[in-house]
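The values are calculated or read from the model by the stated rules, or taken from the named source; none is laboratory data. Computed from a predicted model, the values in this text were never measured in an experiment. Cβ placement follows ideal geometry from the backbone for every residue including glycine, while neighbour counts extend to all protein chains displayed. Heavy atoms of the whole protein, side chains included, go into the accessibility calculation; ligands, DNA and RNA do not. Shrake-Rupley method; radii C 1.70, N 1.55, O 1.52, S 1.80 Å.
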Amino acid sequence: MKKSMIAIASLLVVGVLFLAGCQSKTTDKTSSDNTLRVGTEGTYSPFSFRDDNDKLTGYDVEVAKAVAKKIDYKVKFVEAPWDSMLAAFDANKSDVVFNQVAITPERQEKYLFSTPYSISHPALIVNKNNTEIKDFADLKGKTAAQSLTSNYAQMAEDLGAKISSVDGFSKAVELVGDDRADATLNDDVTYYDYLNQKPEAPIKIVKTSDEATEVAAMFHKKDKELAKKVDKAIKELKADGTLTKLSEKYFKKDISK
């Protein structure tokens with residue numbers, strides 16, 4: 001009898017622990033858990049990259065740090081190439097992504113977004129000797145070097161391009177410069193920054209879209225409270241001029257508006 005009672009008690013304890021574990025996976029991130037795990041690439045200059053001293057820096061990195069300070073959180077960066085970064089986020093290895101993630105209807109079905117902290121415009125980039133591609137429509141049947149799950153990859157596919165998968169913008173323009181891909185789509189801000197660093201790069205913009213791309217912090221659907229906190233912080237950083245200051249530091253113009 002005693003053995004049966006002990007067995008039953010053990011099962012009850014296991015059951016309680018199981019339910020508690022399930023609950024911890026579905027509840028929102030709380031203020032008591034004051035470390036903000038930020039997903040970012042670390043290879044996407046000037047937004048998220050390592051400088052000559054191997055220190056993680058960039059516009060998105062500094063925005064994330066400023067946000068964490070505003071909401072009184074410590075910050076821990078979880079670095080990985082784009083596709084792996086998103087996979088890690090989906091696996092709850094990070095709480096938020098600061099890495100030039102554009103707000104799209106498809107992503108809004110799956111994730112939560114903050115107010116935008118940067119705005120750019122899609123640019124069509126080709127080899128400087130390319131005379132065939134002059135407009136977005138000319139991508140049909142051509143090869144575009146893109147990060148596979150980025151919004152620009154989807155845009156290129158919608159335009160009829162074949163996608164050559166790469167990890168980041170630098171790899172994309174390297175393929176274009178070497179004539180191993182016909183083009184790449186990315187934002188104009190990234191292109192101009194890259195050209196400032198490598199003025200001899202054999203690439204050029206042939207077309208820029210008038211349609212603005214809004215970039216924001218991305219959250220899990222369950223983390224509504226965290227999203228609200230970060231959203232409020234970003235709005236405050238806009239209002240007090242912090243985002244403008246960071247924009248001018250990296251781009252010599254304000255990309256936050």
The condition of being free of Cβ contacts under 8 Å to residues at least 12 places away in the same chain and of a type outside the set (Val, Ile, Thr) holds, among Ala87, Ala145, Ala156, Ala123, only for Ala87
Top-ranked residue of the stretch 59-88 - restricted to ones that are in a strand (DSSP E or B) and of a type in the set (A, V, I, L, M, F, W, C), ranked as farthest from the chain's Cα centre (by Cα): Val75
For Ala161, state whether it is closer than 30 Å to Lys70 by Cβ and open to solvent by less than 20 Å² (accessible area, probe 1.4 Å). no
Residues of the stretch 72-88 being aliphatic (A, V, I, L, M) and open to solvent by less than 30 Å² (accessible area, probe 1.4 Å), in sequence order, are Ala80, Met85, Leu86, Ala88
If you go through the stretch 208-224 one residue at a time, how many are surrounded by fewer than 18 Cβ atoms within 10 Å (Cβ to Cβ) and farther than 14 Å from Asn151 by Cβ? 5
Pick from the stretch 192-207, criterion more than 22 Å from Lys140 (Cβ to Cβ) and in contact with a strand residue (DSSP E or B) (Cβ under 9 Å, 6 or more places away or on another chain), ranking: most open to solvent (accessible area, probe 1.4 Å): Tyr192
For the stretch 44-56, give me each residue that is touching a strand residue (DSSP E or B) at 6+ places or on another chain (Cβ under 8 Å) and surrounded by fewer than 19 Cβ atoms within 10 Å (Cβ to Cβ). Arg50, Asp51, Leu56
Taking the stretch 105-158 and keeping only residues that are touching a helix residue (DSSP H, G or I) at 6+ places or on another chain (Cβ under 8 Å) and aliphatic (A, V, I, L, M), one is left with Leu112, Ala123, Leu124, Ile125, Val126, Ile133, Leu139, Ala144, Ala145, Leu148, Ala156
Scan the stretch 137-152 for residues that are of a type in the set (A, V, I, L, M, F, W, C) and either modelled with pLDDT under 95 or not in a helix (DSSP H, G or I) (or both) and jot them down. Ala144, Ala145, Leu148
Asp33 being modelled with pLDDT of 50 or more, outside any helix (DSSP H, G or I), on the phi > 0 side of the Ramachandran plot and open to solvent by 70 Å² or more (accessible area, probe 1.4 Å): no
